[in-house]
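The values are calculated or read from the model by the stated rules, or taken from the named source; none is laboratory data. A quick note: this is a predicted structure, and the numbers were derived from the prediction, not measured. FYI the Cβ positions are ideal-geometry reconstructions off the backbone, even for glycines, and counts take in every protein chain you see. Note: areas computed on protein heavy atoms with side chains; ligands, DNA, RNA excluded. Shrake-Rupley method; radii C 1.70, N 1.55, O 1.52, S 1.80 Å.
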Amino acid sequence: MSLIIKRVKIIGGPDGSNADLKDVFVGGEKISAIGDFSSKRADKVIDGKGAYLSPGFIDVNTDSDHCISLFGYPSQEDFIRQGVTTIIGGMCGSSLAPLLYGSLESVQKWGDIRRTNVNWHTVKEFLEILDKKPLSLNFATLMGHSTVRRALIGEDIRDLTKNELRIFGTILLRALKEGAFGFSTGLGYVHSFRTPYSEIKFLNEIVRNQNGVYATHVRSSTAGLARSIDETIKLATNVGARTIISHFMPIVGNEEAYREALQKMESLPERIQLKFDIYPFETSVLAIYTFLPVWAQSGGREVMLANVKDEWLRARIMKDIPKINPEEFVIAQAPDNEFFVGKSLKEIAKIYDTSSYNVALLKLMETTELRAVICYKNISTSLVKKAIQSKRSFIATNAASFPDIGKLLKPERATSTFTKFLGMAEGENLMPLESAIRKITAEPARMFNFSGRGEIREGNFADLSLFSITDGDTPKEKKVDVKSVIVNGEIVLENGTYTGKLPGKNLRHS
């Protein structure tokens, strides 16, 4: 199919932004020409009416694979409606491949794995199966550390033997050669928290040698943040793999440590390729078990649930639960218990007829069998803005896309991260619009080596977002309206309406 997008202000091309109105001609999957095509014919014409045309946005940290919605919800509309054309999964140490024994236990904290038929083991097999399940956008994956580690040693929390580490390295190398773009760790989760630096260093050397990316959910975002960032900087400096710190968010009560960590990263030499991703909201989305005391987050979900139910341990857990603001704790998902969705812990306590929020929390954990997901407001807005301005930041939803059916509370970041970011950048003068677009297009494309994507140039894939920016209700508010989205030359969103097209590709690292 041929397509002409007429009268647009191109932003995100090789020559920077262009205030002159131009036309873009798309032939098949790629951009064929940029210029004035007022007399040229095409199968389809979109009148841009002076709006901005940018490369499609790249979301460097998503959960649609973790939540298994890649399989059941191919449109992934929450991303498309924000202008996103490529998403990256396999984050925080958990991926859908490779699976040594065909088990998805490493993602059960996010999604209901009981309804997924696993018929693959390797990354190659996984991507080939996904190729037969079309998506509206492009998908790329990393290999998850916990996914492989738990398959190798089960629920044990111990160092790997030399032979186990050698096997792990072989599995990682194969995954990278079969299409995984890198490797991720979830060091903040119970199964990986005590992973030694030497193990991560060994695996990162393989990633560096294969020109991949290392993404890490650091060991601590609160009291241990300084040590966690120092460890990551040491790894990026000594090994040299391109590194991303996942959802590096400023937690309320830990602002000074966050400022210091941010300053450390910003003062690093440019040759050290260390980045972090962030979203422009004040709410975290957390698995319910993360509200247990750290010592009770041991073993798998079944073990933690047994601890909650144990009479003696329950009393100790009750005493050691971290302080929680019950009004800011809201249930986002509760499989098989949708009645709880949208309710705060304060409301849950009334349902259970108790004045103790800790009692209510444990009852909720038991009722939902630790499968609930929580929205918790605990992020400093002012520091988020400062971090967004950093030259080392990427923007990411850190969310999944779900259909609007059933009982589900979607966090704002799932539906409006990129439009909110662009509105803030423009309305609050956080950075020039051209810089904001590079941060969500060309820069992540370079980080992950997405050939032919991230810029509007002749010969590149036609992943494009057409949007306008208008004044909001206050002087600093700008509204971003994504009008049309093109993926690999096909229109998936036209004048705000999803077209039903599924032209996305499963990208492979090479």
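Distance between the 7 Å Cα→Cβ label points at residue 256 and residue 337: 3.9 nm. For segment 119-146, the residues whose backbone nitrogen is under 12 Å from a point 7 Å from the Cα of residue 174, taken along Cα to Cβ, are 121-125. Accessible surface for the chain, divided over its residues, is 40 Å² per residue with a 1.4 Å probe. A simple packing score, the average count of other Cβ atoms within 10 Å per residue, orders the peptides 388-395, 32-39, 83-90 as 83-90, 388-395, 32-39, with the highest score first. Once the Cα-Cα distance is subtracted from the 0.36 nm per residue extended length, the residue 350 to residue 325 segment shows a gain of 7.5 nm.
Normalised by the number of residues in the chain, what is the relative contact order in percent for Cα pairs under 8 Å and 6+ residues apart?
Values: 1145 pairs, mean separation 112.5, N = 510.
Relative contact order here is 22 percent.
In plain terms, if you count all Cα to Cα distances in segment 150-229 and split them into 5 Å steps from zero, the share in each step is 3, 14, 24, 25, 20, 11, 3, 0 percent.
Could you pull out the trypsin sites (Lys or Arg not before Pro) across segment 456-498 that fall in loop regions by DSSP (anything but H, G, I, E, B) with no more than 16 other Cβ atoms inside 10 Å?
In loop regions of segment 456-498 (DSSP not H, G, I, E or B), the sparsely surrounded trypsin sites (Lys or Arg not before Pro) are 457, 476.
What's the local net charge at residue 330, with K and R +1, D and E -1, over the other residues with C-beta under 11 Å away? Neighbour charge sum, excluding residue 330 itself: 0. Rounded to the nearest 20 debye, the dipole magnitude of segment 137-254 is 160 debye, with +1 charges on Lys and Arg beta carbons, -1 on Asp and Glu beta carbons, and the Cα centre as origin. Using a cutoff of 8 angstrom between alpha carbon atoms and counting only pairs six or more residues apart, the relative contact order for segment 163-282 works out to 23 percent. Using the average count of surrounding beta-carbon atoms within 10 Å as a protection proxy, the listed peptides 414-426, 145-157 rank, highest first, as 414-426, 145-157. Under Stokes-Einstein, with the Kirkwood radius over Cα pairs as Rh, the value for segment 1-74 at 20 °C and 1.002 mPa s is 151 µm²/s.
Packing here is the average count of other Cβ atoms within 10 Å per residue, and on that basis the peptides 160-169, 92-101, highest first, run 92-101, 160-169. Taking the three principal axes of the alpha carbon atoms in segment 425-510, the coordinate ranges are 46, 30, 21 Å, sorted in descending order.
Restricting the GluC sites (Glu not before Pro) of segment 190-295 to loop positions (DSSP other than H, G, I, E, B) with no more than 11 neighbouring Cβ atoms within 10 Å leaves 270. Helical runs (DSSP H, four residues minimum) scored at -39500 (n - 2.57) apiece and divided by the length of the chain put the mean residue ellipticity at 222 nm at -9000 deg cm²/dmol. Size of the chain from its Cα atoms: along the principal axes, largest to smallest, the extents are 80, 54, 46 Å.
Sparse packing (at most 12 other Cβ atoms within 10 Å of the Cβ) combined with a DSSP loop state is found for the following trypsin sites (Lys or Arg not before Pro) in segment 171-278: 194, 271.
Expressed as a whole percent, the accessible area of the chain that falls on carbon and sulfur atoms is 48 (1.4 Å probe).
Annotation: the antiparallel percentage among DSSP beta bridges lying fully within the chain is about 55.
Of the cross-linked pairs 22/483; 30/501; 275/479; 385/478, those separated by over 19 Å at the C-alpha level are 275/479.
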